[in-house]
Amino acid sequence: MTIAARFYVDRGAFVLDVDVQLPSRGVTALFGKSGSGKTTILRCMAGLEQPDKGHVVFNGEVWQDAERFVPPHQRRIGYVFQEASLFPHLTARGNLRYGWKRTPLAERRIDEDEIVALLDIEPLLGRYPDQLSGGERQRVALGRAMLTSPSLLLLDEPLSALDRERKREILPYLERLRDELAMPMLYVSHSHDEVIRLADHLVLIEDGRVQANGPLAEVLVRTDLSLSADAEASVMIEAEIVEHDEQWHLSRLVFSGGELWVPRSEYAPGHSVRVRVHARDVSLTLEKASGTSINNLIHATVTSVVELEAPTHALVRLDANGTSLLARITRRSSHLLGLEPGRTVWAQIKSMALLD
Amino acid sequence: MLLPQDLTALWITLKLASISTVILIVLCVPLAWWLAHTRSRAKTLVEAMVTLPLVLPPTVIGFYLLLLLGPHGFVGGFLERIGVGHLAFSFSGLVIGSMIYSLPFVVQPLQNAFASTGTRVLEAAATLRARPVDRFLTVSLPLARRGFLTASVLSFAHTLGEFGVIIMLGGNIPGRTQVASVAIYNHVESMNFAAAHNLALVLVVMSFSMLLAVYVINRRFKVVGVAS
């Protein structure tokens with residue numbers, strides 16, 4: 001079950017040249033700076049743009065090769081644009097039903113009531129797009145795409161036109177589509193937060209080329225990529241909630257490398273969550289610190305030390321019993337601690353974000 | 001009161017305006033669509049040609065059409081040979097003349113309407129499984145309805161006021177090619193100012209109420225959310 005895609009687009013100043021195999025389940029993020037070509041890849045995938053040379057095979061079904069070019073309306077995809085592109089002359093309900101009506105009966109797997117409930121859009125159905133807020137429009141656009149029962153949902157930075165609050169309002173709905181409908185998604189984004197929260201698989205795009213392609217947790221900790229040199233560099237840890245501490249308003253999580261205390265989660269014990277840890281929030285000690293204000297101390301082994309482009313900093317990659325961590329420290333500290341592969345250390349995590 | 005021949009002239013005017021507007025709209029949809037979406041260099045040339053009737057003296061348009069459609073003209077001569085008959089001094093000739101005369105008034109609103117719809121909603125429709133014709137009918141047309149309304153009314157009203165092209169091409173045959181504007185001219189020539197006044201007033205009232213209707217309707221559309 002894979003998507004094989006190869007695109008070559010030459011626009012003079014910009015050349016896109018990619019050849020990737022992607023899983024056709026779960027959420028795959030196409031991640032890169034604006035202008036890196038990720039949106040072009042998505043548009044070629046949908047058939048909205050015809051690359052100079054290209055080839056797309058989705059689960060064995062050829063969408064494009066040397067002879068064929070299946071137009072977008074025959075590809076069984078859903079597409080959500082950066083800014084909602086609802087039909088202004090139709091109500092939210094009319095928009096939702098537009099694609100649904102054009103989907104053959106035998107292919108309909110998702111019905112209107114299900115989507116309306118899942119996205120909480122019941123009160124919006126009678127309104128026209130210009131009577132909806134940006135976030136509401138994007139929810140209707142998401143529902144409209146889902147109602148064609150697509151085999152693959154393509155999302156082009158669906159949250160980038162929204163402010164922080166609206167983003168926070170939509171993200172849970174995307175998670176519900178991922179978890180409750182098991183909808184395979186290709187998600188274009190330049191936001192670390194969105195990617196770490198949603199994606200299972202990460203494709204890193206730079207200057208029209210694929211720099212990395214693999215499971216999210218693995219790509220995030222690669223020290224040879226621009227991703228880890230970034231001040232936003234972080235790792236994703238999958239952990240399980242074990243208990244809540246009501247007195248201090250904390251929750252205890254366990255993961256393969258030990259346990260973590262985080263601000264109290266609203267989820268019940270047993271729920272698995274994603275935790276984002278920035279490399280800049282991890283410091284290292286040789287001995288387990290006592291009398292420290294930091295709650296989270298993880299015993300780990302250094303696997304590599306890389307000097308970053310900034311002349312002051314180094315990136316240390318650690319292994320905590322199968323879970324990788326990154327620590328961004330000064331080169332001076334690295335030298336003073338004598339850090340080298342194989343050395344065991346204590347990683348102190350100053351703060352982290354609980355994402356689910 | 002209007003004289004019987006004035007009523008006839010008015011009837012011919014309305015018939016001419018309706019027929020030429022309907023045919024013109026149908027023919028201009030593909031042209032306006034092409035102009036709104038093409039990146040071809042020919043676009044500028046075509047746009048200039050489409051706008052030409054706006055600036056040419058109507059007598060110039062009428063003069064060339066007379067040469068073209070008359071018994072010895074390229075088109076008229078051909079029609080003579082196949083037995084249809086030439087088009088000068090005929091109602092059909094007037095329809096062709098009116099269409100050319102009102103061309104810019106139809107193409108421009110339609111072109112603007114198609115261009116302002118943008119390609120994004122059409123792409124969205126494509127990903128929602130709509131075929132190209134379906135996309136045109138269910139997205140482009142409804143979103144361009146203000147353009148259609150404007151184009152129809154402008155073309156109709158413009159044809160009501162047509163004079164120069166008709167006098168050159170259609171002559172002044174009562175009951176066949178004599179339209180209201182020409183009838184008014186005749187009344188003034190024969191110093192019958194009362195008859196000229198009556199007919200002129202009818203044209204003023206008709207034209208004004210049509211334009212008023214367009215503005216009112218366009219405002220209502222806006223409220224429903226179709227603007228931009």
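A few remarks follow.
- The residues neighbouring A:E206, those whose beta-carbon lies less than 14 Å from its own, together hold a net charge of 0 under the Lys/Arg +1, Asp/Glu -1 convention.
- Candidates per GluC sites (Glu not before Pro) in region A:58-155, loop by DSSP, up to 10 other Cβ within 10 Å: A:E67
- With the highest mean first, a sort of the peptides A:333-342, A:161-170, A:51-60, B:98-107 on other beta-carbon atoms found within 10 angstrom per residue produces B:98-107, A:51-60, A:161-170, A:333-342.
- Three-way shape label, region B:142-221, alpha-carbon gyration tensor, a/c 1.5: oblate
- Efficiency of FRET from Cβ geometry, A:D193 and A:E246, R₀ 30 Å, rounded to 0.05: 0.60
- As a proxy for reagent exposure, A:I298, B:I217, A:I205 were ordered by neighbouring Cβ count within 10 angstrom, fewest first; the result is B:I217, A:I298, A:I205.
- Charge tally in the Cβ shell below 9 Å around A:R97, where Lys, Arg are +1 and Asp, Glu are -1, A:R97 excluded: +2
- Region A:58-213: C-alpha gyration tensor shape, a/c 1.5 cut-off, then a/b vs b/c: oblate
- A simple spin-label model places pseudo-atoms 7 Å from Cα toward Cβ; at A:R264 and B:F78 they are separated by 8.7 nm.
- Cα-projected label distance for A:R108 with A:D224, points at 7 Å along beta-carbon direction, nm: 5.1
- Trypsin sites (Lys or Arg not before Pro) restricted to region B:1-46 and DSSP loop, no more than 13 other C-beta within 10 Å: B:R39, B:R41
- Each of B:L54, B:P71, B:I173 was scored by the projection of its Cα onto the charge dipole of region B:4-224, and the greatest displacement toward the positive side belongs to B:L54; charges sit on the C-beta of Lys, Arg, Asp and Glu.
- Residues in region A:264-291 that a label on A:D120 would reach, taking backbone N under 20 Å of a point 7 Å out along Cα→Cβ: A:265-268
- Computed from Cα atoms, the angle from the helix B:180-189 axis to the main principal axis of chain B rounds to 30 degrees.
- Mean separation of Cα contacts under 8 Å, 6 or more apart, over the residue count of chain A: relative contact order %: 15
- Per residue, the average separation of C-alpha pairs within less than 8 Å and at least 6 apart gives chain B a relative contact order of 30 percent.
- Full extension of the chain between B:V26 and B:Q5 yields a length gain of 4.4 nm, computed as 0.36 nm times the residue separation minus the alpha carbon distance.
- Exposure proxy order (Cβ contacts within 10 Å, fewest to most) of A:W63, A:W261: A:W261, A:W63
- Rounded to two decimals, the Cα-based Rg/Rh of chain B, with Kirkwood Rh, is 1.04.
- Simple spin-label estimate for B:V133 and B:R219 in nanometres, 7 Å along Cα-Cβ: 4.0
- Calculated FRET value between B:S18 and A:F14, using beta carbons and R₀ = 56 Å, to 0.05: 0.60
- Cβ-based exposure ranking for A:Y8, A:Y187, in which fewest neighbours within 10 Å come first: A:Y8, A:Y187
Bear in mind that the values in this text are calculations on the coordinates, not laboratory data. Everything quoted here is computed from the prediction, not taken from an experiment. Note that each Cβ is placed from the backbone with ideal geometry, even for glycine, and that neighbours are counted across all protein chains shown.
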